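Input: a single structure, listed below in structure tokens.
The values are calculated or read from the model by the stated rules, or taken from the named source; none is laboratory data. What you are looking at is a predicted structure, and each value in this text was computed from that prediction instead of being measured. Quick note on the areas: whole protein, heavy atoms, side chains included, nothing else; ligands and nucleic acids left out. Shrake-Rupley method; radii C 1.70, N 1.55, O 1.52, S 1.80 Å.
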Amino acid sequence: MQLIKPSKHIKAGIVGLILAMFMGLIMVTTMMGSSSSPDCSGVSSAGDASITDSASKNKNAKTIYDFLRSQGATPKAAAGIMGVWDFESSFNPKISNLSGSGAFGLGQWMDKRKIELQIFAAKKGLKADSLEAQLKFTMHELNTVLPQAKHVLKENDVHKATYDWLMDFEGMSQDSSQWFLEKGAAGQPGRYPRADHWYAKFGANDSDGDSGLPTTDADSDDESDSTVADCQTDNSAVDGTGKVPKDLPYGQNIAANKIPDDVKPFLLPNQLSDARGVSGKGWSHPGDQCVDYSVSRISALWGMPSWTGGNGGDQADRVVEQGGKKETAPHAGDIGSSQGYPPTASGEPGHTWIVEHVFADGSVLLSEQNGPESGAYIHQPQTWSIILMHPYPDGQEWHSANGGEYTPLSGKATFARPKGHMKK
């Protein structure tokens with residue numbers, strides 16, 4: 001068979017195609033970031049060698065700056081936060097990370113936080129990919145699960161605000177390879193120069209005093225959004241923070257009087273007394289069952305009157321009946337209930353427990369009665385224990401030591417949060 005020699009036009013086309021493919025690969029590589037953060041980070045910026053300001057980007061930038069100022073941010077703090085978000089999303093609330101992490105929006109929310117953003121937006125009647133929803137959700141997070149990041153709003157150094165926002169809000173303290181403070185992976189301007197850019201554009205001529213904008217909380221209409229910091233023993237015990245202590249194994253009951261010292265900071269205040277010698281408040285619902293513990297505990301934490309009625313699987317509903325709110329995921333101070341594993345008839349006693357803390361990796365610390373180290377198992381009234389569970393839900397890992405009654409897979413686990421605020 002005779003081979004046909006390709007013409008120079010075909011050669012040029014092949015070369016052009018290869019070049020286009022190569023350039024496309026470079027662009028994708030530039031835009032793809034990696035994210036080892038458990039929460040939200042993931043670089044999506046496609047920044048050039050210089051910081052480009054399109055009309056739409058400038059419009060979003062001004063909206064973001066004005067919003068942050070309206071929430072009490074100093075000009076330098078607002079610029080610092082914008083430096084982080086510019087690098088991650090170019091202020092595009094619709095952007096998604098190209099590496100497959102699913103990171104999304106201004107702050108590249110992912111996993112649980114992305115789901116929470118979507119839920120929040122739906123409740124507000126907003127689209128999750130809108131600038132308004134994501135800015136309001138930012139304040140929602142600062143006022144609930146991330147109060148440790150709220151101090152950034154008051155900072156008066158642009159680079160410190162950038163760095164602290166990256167650490168405390170974006171959750172990047174464990175992955176310095178993703179910080180990109182000066183330059184990005186492809187040599188594009190990093191977070192610091194972008195923050196400087198926006199300070200020069202908006203902040204340099206802006207007074208550090210009153211912004212002249214409303215200072216109402218962007219999330220003030222959400223009654224259930226109490227600040228988690230109000231109910232913790234110290235700053236390390238804020239939901240979504242802290243490493244699981246080395247002395248805290250998964251799935252093992254630990255008696256109240258044997259709790260390791262490095263675990264105690266993650267327990268909520270107003271802990272109940274224990275028959276084995278732990279001091280604390282008396283029980284409003286005396287006995288040696290899970291209901292006795294959870295009702296007494298939730299009453300002490302939230303200042304609620306004690307109540308009677310129902311089995312362990314009914315107690316979350318009892319809290320909702322008193323004005324509380326059902327939740328789809330555990331948060332510190334919640335009461336939890338399940339009807340049994342596998343799902344059983346409504347007559348099943350079920351189980352109830354209290355959520356003490358949710359760690360940075362999503363692991364959940366519970367306290368309860370009716371475990372091997374508490375309650376009826378050792379026939380001592382007014383005793384309690386703790387147990388560490390894997391992130392919720394996580395398949396079979398949420399089978400409790402008292403017979404496996406947490407049941408997240410079957411959808412039978414229910415969390416409820418009382419109305420009001422927890423006591424310190």
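Numerical summary
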quantity: Candidate lysines - alpha carbon under 16 Å from Lys160, same-chain residues fewer than 8 apart omitted; calculated: Lys76, Lys150
quantity: Alpha carbon centroid spacing (whole Å) that separates the range 105-130 from the range 264-302; calculated: 36
quantity: Heavy atoms of Ile115: accessible area, 1.4 Å probe, square angstrom to 10; calculated: 90
quantity: Sequence of Glu321, Glu373 from largest to smallest accessible area, 1.4 Å probe; calculated: Glu321, Glu373
quantity: Net lengthening on full extension, Asn205/Lys419 (0.36 nm per residue, minus Cα-Cα); calculated: 72.7 nm
quantity: Backbone HN-Hα couplings from phi across the range 260-272 [Karplus 6.51/-1.76/1.60, Hz, Gly and Pro as x]; calculated: x, 4, 6, 9, 4, x, 8, 7, 6, x, 6, 5, 7
quantity: In Å², nearest 10: area of Lys160 left accessible to a 1.4 Å probe; calculated: 110
quantity: Long-range HN-HN contacts of Trp109 with modeled amide H, under 5 Å; calculated: Phe104
quantity: Hits among lysines - C-alpha to C-alpha of Lys243 under 16 Å, sequence gap 8 or more where chains match; calculated: Lys264
quantity: Solvent-accessible area of Asp129 with every protein chain in place, 1.4 Å probe, in Å² to the nearest 10; calculated: 50
quantity: Lysines whose Cα lies under 16 Å from that of Lys281, excluding same-chain neighbours fewer than 8 positions away; calculated: Lys423, Lys424
